[in-house]
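Only one structure is covered here, and it is reproduced in the block below.
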Amino acid sequence: MKISTDHILATHCGSLARPKNLLDLMKAKLGGESYDRAEYDRQVRAAVSEAVHKQADCGIDVVTDGEQSKPGFFAYVRERLSGFEAKTPPPGGWKQWAAEVAAFPEYYENYFSRRMMGGSIIARTPMVCTGPISYRGQDALQRDIENLKAALTGLTIEEAFMPAVAPSGVGTNEYYRSNEEYLHALGDALRTEYQGIVGAGFILQIDDPWLTEVHSQDPTLSPAERRRIAEQSIEALNHALRGIAPEKVRFHTCYGINEGPRVHDAALKDIVDLILKVNVGAYAFEAANPRHEHEYHVWESVKLSAGKVLIPGVITHASNIVEHPELIAERLLRYAKLVGREHVIAGSDCGFSSQATYNPEVHPSVVWAKFQAMAEGCRLASQQLWR
């Protein structure tokens, strides 16, 4: 993993809006309709190439494929893991964002559902494990790797990464005898994907918004229960990462609800010790939105281990406002002064289209402007840090 040796590097969390032509084909594929497979593959390759080139043009140093082949953060594992099926939960049975929904029912029933969910090409139906888990996504993974490698040809960038889901973020268990057994089975299966990404020469990003969600959203769990569940998931993730050099992996956690009120988000100070237990080289987390920007103070008392890197969000996925480069520079300087300039990479709070949708939360033209602002903010901060 490259570090900021002579300037602050810029990256982001991964997902970017998919082009309309690709969304149309993806929707047909997911809906069981007839579609041209060769054209679908061509559209994915073209979308990856465009996404990678635009990132580079905006000044992003560590780029990715924009998750163009994936219909959604959760849904992509349906084609890569056996043993799962989608099941509609009973009323009140799905506790995602439970505390937020209970506190702001009118917002979630009206504004949020209409604006955020209306353009999604796939229903956000929870996945349930109903049989033995195994990895079957070798072909899909290889296509992703080949598409990203092709897109990088001729570009001058520092590095490329590919995201993959953490074991805790896949679904719920109805098959294995215990949650621990279930998570380890998931980790063993996902390990194939993790090894494939690293073996291809890319940095592996583990996406785990569930770590924060278990501490934020389910009011039925006691603090001790939440910590036990989180520790169990981290143990399974570290087991899945065994033998993979930590400096080849970065870990991203967030709160995932985008433009919600977010008053029930877990405080970083309450979970930072859990985050740092994950055996990786870098940690990406939300730090730009108004609920979390102040949390840089956590690093005044929490010591970062030698060789580790922070990737704080300095632009947010929760607003169409483009952050000013000088503000971005200020955010980066705060972290650099606390943990050292070589231990900071600029990032985004979360991805900009974690679901394939015709109506992404932040308009794509705004995303590119945010990336340009981040690159300029990195330049301004670097001028002060390396002068």
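Some points to look at:
- 3J(HN,Hα) from dihedral phi, the stretch 224-239, Karplus parametrisation 6.51/-1.76/1.60, rounded to Hz, x for glycine, proline: 5, 5, 4, 5, 4, 5, 5, 5, 5, 5, 5, 4, 5, 5, 4, 5
- Listed residue (V44, A151, H7) projecting farthest to the positive dipole end of the chain, Cβ model: A151
- Expected 222 nm ellipticity per residue - DSSP helices of 4 or more, -39500 (n - 2.57), all of the chain, to 500: -12500 deg cm²/dmol
- Positive-end ranking of P132, A98, Y111 along the dipole of the chain, with charges on Cβ about the Cα centre, is headed by P132.
- Note that the stretch 20-385 carries a Kirkwood radius of 21.1 Å, evaluated over its alpha carbons pair by pair.
- All C-alpha to C-alpha distances of the stretch 104-196, sorted into 5 Å bins beginning at zero, yield P(r) values of 2, 10, 15, 13, 14, 14, 14, 12, 5, 1, 0 percent in whole numbers.
- Under-5 Å amide H pairs with S15, H placed in peptide plane, nonlocal only: G351, F352, S353
- Within straight-line cross-link reach of K54, lysines at Cα separation under 23 Å, skipping those fewer than 8 residues along the same chain: K2, K20, K70, K149, K370
- Close amide-amide hydrogen proximity is noted between V165 and D207, each under 5 Å apart and 5 or more residues distant or on a separate chain (H modeled in the peptide plane; Pro and chain starts excluded).
- Span from the the stretch 181-215 Cα centroid across to the the stretch 7-76 one, whole angstrom: 20
- Cut-off 14 Å (backbone N to label point 7 Å along Cα→Cβ of K308), residues of the stretch 268-296: 269-285
- Ranked packing of 249-257, 332-340, most packed first, by mean Cβ within 10 Å: 249-257, 332-340
- Rounded to the nearest 5, the antiparallel percentage of DSSP beta bridges internal to the chain is 25%.
- Debye-sum result for the stretch 313-362 in log10 I(q)/I(0), which assumes one identical scatterer on each alpha carbon, at q = 0.12, 0.25, 0.27 Å⁻¹: -0.33, -0.92, -1.00
- Label-point gap, in nm, between L155 and N21 - each point 7 angstrom along Cα→Cβ: 1.9
Every number in this text was worked out from the coordinates using simple rules, so none of it is lab data. Bear in mind the structure is a predicted one, so any value in this text is a computation, not a measurement. Here Cβ is always computed from backbone atoms with ideal geometry, including for glycine, and neighbour counts include all displayed protein chains.
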